[in-house]
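A short write-up of the structure that comes next.
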Amino acid sequence: FDISTPISVQNFLRYVDRGSYINSLIHRVSPSFVIQGGGFKVPVPATDPPTAITSLEPIVNEAGISNLRGTLAMARTAELDSATSEWFFNLVDNTTLDDPINPYAVFGRVIGNSIQVVDSIGQIQPYNMGIGEPFTEFPLINPSGPLVEENYVAIYSVEPIPVYPTAGEDISALTFSVSSTDPNLVGTNLVNSELRLSYPSGEAGSATITVECSDSDGSKASTSFLVTVNPKAP
């Protein structure tokens, strides 16, 4: 939500650009509440305690969007403006986190069927690692004996994708389609994110052009405009 929460989004992207979230851990699973990450790296060797991600300066709390299921929010301390690298996904509607005096700032959401991934992580057994906070709800996959890398819930790559289609990009957050009520009069073509119209010689009349946008959840928005073609002067 880069328009509503620009500071939080830019802060998150700074850590992405620095590579901070590569080989990072989901270090907290609180069932039917949240899963949390962005604070620690996978330890090497795997039996060592997790290593902390180097944090940048804290940011201003941009609370205002509700902590509903599937949203992504900044984690912080008891201090309101203390968020740095850590974030959490809401597993359920956590509207108590919208408290006007002590709110948590939502800055994004899961799109498409990726909520299934969040739910799957939320069902992993958490353990108290015995090394104090914040490792008292630490998720481990099939632990038996000394810990190995496969026991951890880890993020191995993070890649931003464009919101709108651009040249050379196979993936974008939004997709577009365009139609004309009279394609013989006004032809339409989408080239990357550019709409191009074409007109046959010697024809005149009007056509309505409709551009439709959809996201990964199937939500759609559209706009239409009228194009009038005048005959060319001899």
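Quick notes on this one:
- Residues satisfying the stated conditions in segment 46-76, i.e. of a type in the set (Asp, Glu) and either over 24 Å from ARG109 (Cα atoms) or surrounded by 14 or more Cβ atoms within 10 Å (Cβ to Cβ) (or both): ASP48, GLU62
- Residue match in segment 194-215 (condition: part of a loop (DSSP other than H, G, I, E, B) and under 24 Å from the mean Cα position of the chain (by Cα)): no
- Filtered by the rule that a residue be touching a residue at least 60 places away in the same chain (Cβ under 8 Å), in contact with a Ser or Thr (Cβ under 7 Å, 6 or more places away or on another chain) and either assigned to a loop (DSSP other than H, G, I, E, B) or at positive phi (or both), segment 121-169 gives GLU137, PRO146, LEU147.
- Enumeration of residues in segment 7-23 that are assigned to a loop (DSSP other than H, G, I, E, B), surrounded by 13 or more Cβ atoms within 10 Å (Cβ to Cβ) and out of contact with any helix residue (DSSP H, G or I) (no Cβ under 7 Å at 6 or more places or on another chain): SER20, ILE22, ASN23
Residue by residue, here is whether (1) open to solvent by less than 60 Å² (accessible area, probe 1.4 Å); (2) acidic (Asp, Glu); (3) modelled with pLDDT under 90; (4) within 30 Å of ARG18 (Cα to Cα) holds:
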site	(1), (2), (3), (4)
PRO146	no, no, no, no
GLU150	no, yes, no, yes
ILE155	yes, no, no, yes
ILE161	no, no, yes, yes
PRO165	yes, no, yes, yes
SER198	no, no, no, no
GLY202	no, no, yes, no
THR210	yes, no, no, no
SER219	no, no, yes, no
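- When SER66, SER4 are screened for being touching a helix residue (DSSP H, G or I) at 6+ places or on another chain (Cβ under 9 Å) and assigned to a loop (DSSP other than H, G, I, E, B), only SER66 passes.
- Residues satisfying the stated conditions in segment 106-133, i.e. surrounded by 16 or more Cβ atoms within 10 Å (Cβ to Cβ) and among the aromatic types (Phe, Trp, Tyr): PHE107
- Yes/no for VAL118 being touching a residue at least 40 places away in the same chain (Cβ under 8 Å), in a loop (DSSP other than H, G, I, E, B) and either out of contact with any Pro (no Cβ under 9 Å at 6 or more places or on another chain) or among the small types (Gly, Ala, Ser) (or both): no
- Filter result for ASP217 (touching a helix residue (DSSP H, G or I) at 6+ places or on another chain (Cβ under 7 Å) and of a type in the set (D, E, K, R)): yes
- Here the condition is being outside any loop (DSSP other than H, G, I, E, B) and either of a type in the set (A, V, I, L, M, F, W, C) or open to solvent by 70 Å² or more (accessible area, probe 1.4 Å) (or both); of THR175, THR188, it holds for THR175 alone.
The values are calculated or read from the model by the stated rules, or taken from the named source; none is laboratory data. None of the values given here were measured: they were computed from a predicted structure. Counting neighbours? That spans all protein chains shown, and the Cβs are built from the backbone with ideal geometry, glycine included. Protein only, heavy atoms only, side chains kept; ligands, DNA and RNA dropped before computing areas. Shrake-Rupley method; radii C 1.70, N 1.55, O 1.52, S 1.80 Å.
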